[in-house]
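*Asks:* I have a structure here, written as structure tokens, and I will follow up with some questions on it.
Since every read-out is calculated from the coordinates, none of them should be taken as a lab result. This one's a predicted model, so the numbers in the text were calculated from it and none came from an experiment. Quick reminder, even Gly has a Cβ in these numbers, built from the backbone with ideal geometry, and neighbours come from all protein chains shown.
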Amino acid sequence: MFKLVTIATKESEVFLRKKAKEVSDPGSITRAFVSEMKKTMIAANGIGLAANQIGEECKMFVAVHAGKFYTLINPEIIKSSAEEEEAEEGCLSVPMIYGPVKRAAKVIIQGTDMRGKVVKIKAVGLLARIFQHEIDHLNGKLFIDRAASLYRVDGEVKA
């Protein structure tokens, strides 16, 4: 598993705020690398993980929604709805901080899959939110930049 990059230090925050580099050869992204990203995301109880969150500057992410895994290389939003939805977000790179974020209710994203095929995905609701959150990461934006307000949750929930 990979170590997560968090905003714990000034250097790591500067890194997370850098725009990721296009992947010129999508075939250079190995299945082993993607598998480790997925394991890291799952172990951290995440639903999405951008490559820069593990210290890699390449423009790609993994995500999971409704039991389906997504891996997208060089993803971009090509269309988004005017309709917005506000929901609480958190982030593996900003631990214990949460806040409400408005995002487009629907998006169409385009990227390259692991086979090198260009794909378009229409997403609504939570999946649209995940995609927007991860693409923000790749563009050097954090959810805290978009949140209407923020709050901290310390410790674990006790039963």
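*Asks:* Just list whichever of LYS38/LYS120; LYS21/LYS122; LYS3/LYS106; LYS10/LYS68 have alpha carbons separated by over 30 Å in the model shown. Could the numbers behind the result be given before it?
*Replies:* Details: LYS38/LYS120 21 Å; LYS21/LYS122 24 Å; LYS3/LYS106 32 Å; LYS10/LYS68 35 Å.
Distance filter (> 30 Å) returns LYS3/LYS106; LYS10/LYS68.
*Asks:* Further, regarding this structure: With only alpha-carbon atoms counted, please give the Rg and Dmax of the range 63-124, in Å.
*Replies:* Cα-based Rg and Dmax for the range 63-124 come out at 13.6, 37 Å.
*Asks:* Here's a follow-up. Taking every eigenvalue of the Cα gyration tensor of the range 1-58, multiplying by 5 and rooting it, what semi-axes result, largest first, whole Å?
*Replies:* Values: eigenvalues 73, 55, 12 Å².
In descending order, the three semi-axes are 19, 17, 8 Å.
*Asks:* Still on this model: What is the projected area of the convex hull of the Cα atoms of the range 21-103, averaged over all directions, in nm²?
*Replies:* Working: hull surface 26.2 nm².
One quarter of the hull surface, i.e. the mean projection, equals 6.5 nm².
*Asks:* May I ask for the net charge around ILE47, where only other residues with Cβ less than 12 Å from the Cβ of ILE47 are counted and Lys, Arg are +1 while Asp, Glu are -1?
*Replies:* On the way: positive: LYS38, LYS68, ARG129; negative: GLU89, GLU134.
Its environment carries a net charge of +1.
*Asks:* Along each of its three principal axes, how wide is the spread of alpha-carbon positions in the range 10-152, in whole angstrom units, largest first?
*Replies:* 40, 35, 27
*Asks:* Go through 56-69, 5-18, 32-45 and give me the packing order, highest mean Cβ count within 10 Å leading.
*Replies:* 56-69, 32-45, 5-18
*Asks:* Related question: Once the other residues with Cβ under 14 Å from the Cβ of PHE15 are scored (Lys, Arg +1; Asp, Glu -1), what is the net sum? List each step's numbers first, then the result.
*Replies:* On the way: positive: LYS3, LYS10, ARG17, LYS18, LYS19, LYS21, LYS141; negative: GLU11, GLU13, GLU56, GLU57.
The answer is +3.
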